[in-house]
Protein chains: 2
Amino acid sequence: MKHTKGLRMARASDTLIEQLKHDIFSGLLKPGDQLEEADLATRFGVSRTPIREAIRSLVDCGLLETRPRKGAMVRVLTAKELNDLFEVAAELEGMACRLASDLLTLSDKKDIEASLELCRSAAEAEDIPTYAEANLAFHAAIHKASGNAWLVDQLDQIQARINVYRLMPYEVVGRLEKSLTEHREISDAIFTKNGALANTLMRDHMMLQGARLPSLLNALE
Amino acid sequence: MKHTKGLRMARASDTLIEQLKHDIFSGLLKPGDQLEEADLATRFGVSRTPIREAIRSLVDCGLLETRPRKGAMVRVLTAKELNDLFEVAAELEGMACRLASDLLTLSDKKDIEASLELCRSAAEAEDIPTYAEANLAFHAAIHKASGNAWLVDQLDQIQARINVYRLMPYEVVGRLEKSLTEHREISDAIFTKNGALANTLMRDHMMLQGARLPSLLNALE
DNA sequence: TACATCTTATATGGATACATATAGCAACAT
DNA sequence: ATGTTGCTATATGTATCCATATAAGATGTA
């Protein structure tokens, strides 16, 4: 039999990483929660080794933090750190729009329009979780259209960090419609190849969310 | 005896990470080189466990890549990937200049001026390695002045990736003096609180280096 | 009662042992 | 001679075992 060279077996640690990320994003694991290796090992039915690998990865992602001999806990972000994150996110999101304006393909345009339609219907139904999902799709479509793989990676990483807080801004009355309008303006600027405008609009769009964070953080405790 | 609570013991894997990074930056480990866990374990006098932790971290940094069941190798960057990196680096470096212009403290200004003086003397002596060092200090001083910790992290990470290639542009005759002039213009813009100009100048400064990469990559093989 | 010191439990960090998939090589058949 | 098949060696992935630092609790004394 020919050796199945393409068949790459999944590693247990990779599965764990996905699972733990999911647990963090879904709120099952809250900032400050302690992660005990033995617990996780029994819970997932594997030994401590892959658990430790997964934890190390998540530490490198910035989702967890460890103190030597003290184990891992879900990282708690201060208001300053969150603000810093949003500032960089705004810059890179704007950059993605600029690049997308230059390089836009028909396929990219279709993807952006499709995600925009998702946003529209969710906003109409005032369905916040669905809108949040559609919002991610909209941004992801633009990221992809930028054609810069490293930029996409960075934005994914940042998004993983602020994902937990991303739902909250939409709770504000009227924010959904406002967000949708901004999305329309941004995509229009991209479609008309106005990179500078698209950049600015996206930056403002992001900063608007970031600006609300202090009050949102207060609401957390 | 009172427990020495502040004394945090270093983990072996952390030391290994630093060592391996150094080996990669210094060129001892070249892109494409295979890393065998057992080899490293004997070389560093530790077991495979901390070796694996270190490798995992470096993979997450993007310095290494692994194929399941095939182990780790120093990541090889394609021209496209390098270009993407420089594009993002240029954007973020520009952003750091903009923020630094707004937030500049006296201490930050002193640091930037000091690093600039290092650049000047190295350029005068036409000492490329020393200039490269001073150049890093100049950029680092600006990063710090931006006041955005996450931005500093991201720039460090990107720099780790392109560090290997960073010496080469200076081989071009006259590039040292040109680079120094650009540094002066950038710091002047920051000192006069002209954030938009500082942003643009730094972006151009970075892109100029990035633009030379294709020819530099050809010279590699 | 309060404080300090010692003991002990436990969880992390590291070492080692084991299972298995991949790759290289050889032998055989066509 | 070439291509295929099967064996074997080896390195990765996982499990388990051991050492030790930390922290909590107990005990004794002032």
**Prompt:** Put simply, what bits of region A:79-115 lose 40 Å² or more of accessible area when the other protein chains are there, versus the chain on its own (1.4 Å probe)?
**Reply:** A:84, A:87, A:88, A:91, A:95, A:98
**Prompt:** Looking at the axis that maps chain B onto chain A, which chain B residue has the closest Cβ, and how far off is it in Å, rounded to a whole number?
**Reply:** B:60, 2
**Prompt:** Can you tell which of A:111, A:153, A:102 shows the greatest fluctuation in a Gaussian network model of chain A with Cα springs below 10 Å?
**Reply:** A:153
**Request:** Summarise the partner chain shielding of A:47-58 as one whole number: the mean count of Cβ atoms from other chains within 10 Å of each residue's Cβ.
**Result:** 2
**Complete:** Taking a ≥ b ≥ c as the square roots of the eigenvalues of the Cα gyration tensor, with a/c under 1.5 meaning rounded and otherwise prolate when a/b exceeds b/c and oblate if not, the protein assembly as shown is rounded
**Item:** Helix-derived mean residue ellipticity, 222 nm - over chain B, DSSP H n ≥ 4, -39500 (n - 2.57), to 500
**Value:** -23000 deg cm²/dmol
**Prompt:** Distances from residue B:81 to the same residue in each other copy, label points 7 Å out along Cα→Cβ, in nm, shortest first?
**Reply:** 2.9
**Message:** Defining the label point at 7 Å along Cα→Cβ, can you sort the distances from residue A:185 to the same site in each other copy, shortest first, in nm?
**Reply:** 3.3
**Request:** Sort region A:12-74 into rounded, prolate or oblate with this rule: let a ≥ b ≥ c be the square roots of the eigenvalues of the Cα gyration tensor; rounded if a/c is under 1.5, and if a/c is not under 1.5, prolate when a/b is larger than b/c, oblate otherwise.
**Result:** rounded
**Fill in**
Computed over region A:116-221, the relative contact order (Cα-Cα under 8 Å, seq sep at least six) in percent reads 25
**Asked** Which whole-number percentage describes the relative contact order of chain A, with Cα contacts under 8 Å and a sequence gap of 6 or more?
**Response** 24
**Item:** Position residue B:133, label points 7 Å along Cα→Cβ, spacing to each other copy in nm (shortest first, one decimal)
**Value:** 5.6
**Prompt:** So, in nm, how far is label residue A:184 from label residue A:103 when the simple model puts each one 7 Å beyond its Cα toward the Cβ?
**Reply:** 2.9
**Complete:** FRET efficiency for residue B:126 and residue B:15 from the Cβ-Cβ distance with R0 = 60 Å, rounded to 0.05, comes out at 0.95
**Request:** On a 0 to 90° scale, report how tilted helix B:79-103 is relative to the longest principal axis of chain B, with both axes built from alpha carbons and the result rounded to the nearest 10.
**Result:** 60
**Asked** In terms of the Cα gyration tensor, with a ≥ b ≥ c the square roots of its eigenvalues, is region A:79-220 rounded because a/c is under 1.5, prolate because a/b exceeds b/c, or oblate?
**Response** oblate
**Message:** Am I reading the B/A interface right? What is its buried accessible area, both sides, 1.4 Å probe, to the nearest 100 Å²?
**Reply:** 3200
**Asked** Quick one: which of B:80/B:110; A:80/A:144; A:144/B:110; A:70/B:21; A:30/A:193 span more than 32 angstrom between C-alpha atoms?
**Response** B:80/B:110; A:144/B:110; A:30/A:193
**Asked** Which one of B:135, B:190, B:180 is farthest out on the positive end of the charge dipole of region B:127-195, using unit charges on Cβ (Lys, Arg +1; Asp, Glu -1) and the Cα centre as origin?
**Response** B:190
**Complete:** One finds, for residue A:192 and residue B:76 with R0 = 51 angstrom and r their Cβ-Cβ distance, a FRET efficiency to the nearest 0.05 of 0.85
**Message:** Keeping every protein chain present and rolling a 1.4 Å probe, give me the accessible area per residue for region B:136-216 in Å².
**Reply:** 40
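Other chains near B:140-149: what is the mean number of their Cβ atoms within 10 Å of each residue's Cβ?
Averaged over the peptide's residues, the number is 2.
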**Message:** As an exercise, identify the trypsin sites (Lys or Arg not before Pro) in region A:40-79 lying in DSSP coil whose Cβ has no more than 13 other Cβ atoms within 10 Å.
**Reply:** A:69, A:70
**Fill in**
If R0 = 51 Å, then residue A:39 and residue A:117, at their Cβ-Cβ distance, give a FRET efficiency to the nearest 0.05 of 0.70
**Message:** Which residue, B:38, B:164, B:146, has the largest displacement toward the positive end of the dipole of chain B when charges sit on each Cβ (Lys, Arg +1; Asp, Glu -1)?
**Reply:** B:38
**Request:** State the percentage of accessible surface on region A:12-74 attributable to carbon and sulfur atoms; use a 1.4 Å probe and exclude ligands, DNA and RNA.
**Result:** 50
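The values are calculated or read from the model by the stated rules, or taken from the named source; none is laboratory data. For clarity, every value in this text was computed on a predicted model and none was experimentally measured. Positions of Cβ are generated from backbone atoms using ideal geometry, with glycine treated the same way; all protein chains shown enter the neighbour counts. Just the protein is used for accessible areas: all its heavy atoms, side chains included, with ligands, DNA and RNA removed. Shrake-Rupley method; radii C 1.70, N 1.55, O 1.52, S 1.80 Å.
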